[in-house]
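S.K.: Take this structure first; my questions come after.
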Amino acid sequence: MILSFYYPPDLCAGSFRTSALVKALLEKLPDDAHVEVITTLPNRYSSFSSEAPELEQSDRLTVRRIKLPVHKSGMVDQAKAYFSYAYHVLKAVRGEEFNLVYGTSSRLMTAALSAFIARSKHVPLYLDIRDIFVDTIKDVLPAKAALLLKPCFSLVERWTVSRADHVNLVSEGFAAYFKDRYPQKGYSFFTNGIDSEFLDAGTHIHVGGKESPLTVLYAGNMGEGQGLHAIVPELAKRFSSKLSFRLLGDGGRKIQLEQRLAELGCDNVVLLPPVGRQQLIEEYLKADILFLHLNNYDAFLKVLPSKIFEYAAMGKPIWAGIAGYSAEFMKREVPNAAVFEPCNVEAAVEAFDSLDLVVTDRTDFKNSFSRVNIMRQMAGNILGYLKKKN
């Protein structure tokens, strides 16, 4: 059984990652094996909706999508959505038998739900950790709320991880945190990767010359974690005659971003809603520079954003406000990427000047981080572990 809060046609890293893993598992499992995915109906962005059946069933795969109450990005709304999901998951698995429970979690409570079910079914638990929730809440919640809630979530984390038979961490930047707290666990590091659509698209590339207006593209969430409202308006003002920004996505700080752009009178920034993958690729192909940014929070020093992988596959120059492990990774693995300190306008301007506005051959990176290859390795890890337990 696979628990993932997001699954196609939802648009996010967790969705694409889980879909690729399911395909890899079905390739490796015997013909009489069955995979059940319990997820949600598309809900990642309130401004993007795509139809999907609540139940998809075939001989080897069942996908159950739970309808959530209408919610936005606030903590209260997200809590309501999660409890609705948990209630329906527990209802769905009542009386069901599984050989292994796999939970993928940027949300701690999805991991905790996976642990509860695995324990109740007396089967192995394989956790895929995509974020350190306990480490993040101090940065995204008001100080008093974080002070009150962090001890509670720390207990939930300890209970959850202690019940896992194996833990995969999508970023090696997470290693110290988990190994210090849970040294007895076995860990792997199957990262996010590049989907085939982006590998194929990277052969049709154009980058403009310095004498022409350049298009800077950002695609993704527009929340507190990305901090676009803290950097893009000032950059747009500084490069008003040189750059045009196209920002695709939605999130909890989009209104603040719009307000700040209006305050500065920026007329070279276009905000667009989330788009499907094919249209996204078309946007990548038209752009001259791809922009990435994470807010200046300690928790983000450990992460490895999934966006790095699809950006790098396109061969375009990358302008990235990131720090910590992700900055080290990009400097080491991705040629023609200019990295600057998050939320630092002067550092961003200096980094921009170091970009080479040409198509970059990143064949080695694409070969190393093909999503298909990574998920096949991870599927083998899961199934090899399952054989040991049964």
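S.K.: Which of the residue pairs Lys237/Lys316; Lys80/Lys237; Lys91/Lys307 have a Cα-Cα distance greater than 32 Å in the structure shown?
M.R.: Working: Lys237/Lys316 23 Å; Lys80/Lys237 39 Å; Lys91/Lys307 35 Å.
From Lys237/Lys316; Lys80/Lys237; Lys91/Lys307, over 32 Å: Lys80/Lys237; Lys91/Lys307.
S.K.: Determine, for each peptide in 182-188, 268-274, the mean count of other beta carbons within 10 angstrom over its residues, then list the peptides with the highest first.
M.R.: 268-274, 182-188
S.K.: Next question, about the same structure. For the chain, what relative contact order do you get, as a whole percent, if you take Cα pairs closer than 8 Å and at least 6 residues apart?
M.R.: Values: 717 pairs, mean separation 60.5, N = 390.
Dividing the mean separation by the residue count of the chain yields 16 percent.
S.K.: I've got another one for you. In a shell of Cβ-Cβ distance under 13 Å around Asp135, excluding Asp135 itself, what net charge do Lys and Arg (+1) and Asp and Glu (-1) give?
M.R.: Working: positive: Arg130, Lys138, Lys150, Arg181, Lys302; negative: Asp131, Asp139, Glu157, Asp180, Asp298.
Result for the local shell: 0.
S.K.: Still on this model: To the nearest 500 deg cm²/dmol, what mean residue ellipticity at 222 nm is calculated for the chain from DSSP H runs of n ≥ 4 alone, each contributing -39,500 (n - 2.57), summed and divided by the residues?
M.R.: Numbers: 15 runs with 169 residues, N = 390.
Roughly -13000 deg cm²/dmol at 222 nm, from the helical runs in the chain.
S.K.: Below 8 Å, C-alpha to C-alpha, sequence gap of six or more: please give me the relative contact order for region 233-390 in percent. Provide the component values of the computation, followed by the final result.
M.R.: On the way: 183 pairs, mean separation 28.1, N = 158.
Relative contact order, region 233-390: 18 percent.
S.K.: log10 I(q)/I(0), Debye, Cα-only region 47-149, no solvent, q = 0.17 Å⁻¹?
M.R.: The calculated log intensity ratios at q = 0.17 Å⁻¹ are -0.99.
S.K.: So if I place +1 on the C-beta of Lys and Arg and -1 on the C-beta of Asp and Glu, and nothing else carries charge, what would the dipole magnitude of the chain be about its Cα centre? I want it in debye, nearest 20.
M.R.: Details: 46 positive and 44 negative charges, 265 e Å.
Here the chain has a charge dipole of around 1280 debye.
S.K.: For Rg/Rh (Cα atoms, Kirkwood Rh), which listed value, (i) 1.06; (ii) 1.02; (iii) 0.96, comes from the coordinates shown?
M.R.: Identified label for the calculated read-out: (iii).
S.K.: Add +1 for every Lys or Arg and -1 for every Asp or Glu among the other residues with Cβ under 14 Å from the Cβ of Glu282, and state the total.
M.R.: Working: positive: Arg246, Arg277, Lys286, Lys316; negative: Glu197, Asp200, Glu283, Glu310.
Neighbour charge sum, excluding Glu282 itself: 0.
S.K.: Moving on to the next point. Count charges around Glu96 for me, please; just the other residues with Cβ under 14 Å from its Cβ, Lys/Arg as +1, Asp/Glu as -1.
M.R.: Values: positive: Arg64, Lys91, Arg94, Lys121; negative: Glu36, Glu97.
Once all neighbours under 14 Å are counted, the net charge is +2.
Computed from the coordinates by the stated procedures, all read-outs in this text should not be read as laboratory data. The shown structure was predicted, so the numbers you read here are calculated from the model rather than taken from an experiment. Every residue, glycine among them, receives a Cβ derived from its backbone with ideal geometry; neighbour counts consider all protein chains shown.
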